[in-house]
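Notes follow the structure.
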Amino acid sequence: MTIRVVIADDQTMIRESFSIVLNAQPDIEVVGQALNGEDAVRKAAELRPDVMLMDIRMPVLDGLEATRRITEQGLDTKIVVLTTFDLDEYVYEALRAGASGFLLKDSSAHQLADAIRTVSSGGALLAPTVTKRLIEEFSRLGSAPRAPRRKRIADLTERETEVLCLIAQGYSNAELAAHLAIAEHTVKSHVSRILVKLGLRDRTQAAVFAFESGLVVAGD
């Protein structure tokens, strides 16, 4: 199955170079480009891509608000935030707004293609350092757990809650299987049920949910 991608960036060179790299992949097709956040929201609704590469700092409407609007529309499009450095102050807010992960603009062609495949299949695109910063940011803000989210956790089994906490701490399926001493296909089943029960799109949003519900706190 071909993964349909839209690239949203105000720099023509970035859009064109990424398009060339991605269209060279046998399973990826760039179906559109957006010049700014407003254009990105419009293209997401019109083209319904599987994945959108979203620059944060764009004119008219920034990538953060564009990500929020696309998510609120209930589209299945997975959003990968593009940034020039991994400490971008907006990455954290983009993840809360619904992004499935982030990618550095100087990533290799291989990394770019693999990132798109990962988020398209519902996988997480979060480096351990980003997961750590997310936890630290929640701690810094001192945000109280959101009650509605706490109530939704009650729908999870004890094992599913344990898996959710480990997802939030950056564990891959293989690492989860080893840590819990269960088969990897069993882990995948747990993850799928967690996403369905909580109404989440992917592992990244599951991690954010765990942070916001208070399941994972600094020092865990």
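Values as computed for the structure displayed
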read-out	value
Residue exposure sequence - Ile70, Ile79 - by fewest surrounding Cβ within 10 Å	Ile70, Ile79
Pairs from Lys43/Lys197; Lys78/Lys105; Lys105/Lys188; Lys105/Lys197 whose Cα-Cα separation, in the structure shown, is over 26 Å	Lys43/Lys197; Lys105/Lys188; Lys105/Lys197
3J(HN,Hα) from dihedral phi, region 96-101, Karplus parametrisation 6.51/-1.76/1.60, rounded to Hz, x for glycine, proline	5, 6, x, 5, 8, x
Per-selection Kirkwood Rh - region 1-53 (Cα, Å, 1 d.p.)	10.9
Prolate/oblate/rounded call for region 153-220, Cα gyration tensor, a/c under 1.5 rounded	oblate
Phi to ³J(HN,Hα) by Karplus 6.51 cos²θ - 1.76 cosθ + 1.60 over region 162-178, Hz, x for Gly, Pro	5, 5, 4, 4, 6, 4, 5, 8, x, 6, 7, 4, 5, 5, 4, 4, 5
Built amide H within the under 5 Å cut-off of Ile79, gap 5+	Met52, Ser100
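Bear in mind these aren't lab numbers, they're just calculated from the coordinates by the rules spelled out. Here the structure is a predicted model, which means the values were calculated and not measured. Note that we place each Cβ from the backbone using ideal geometry, even for glycine, and neighbour counts take in every protein chain shown.
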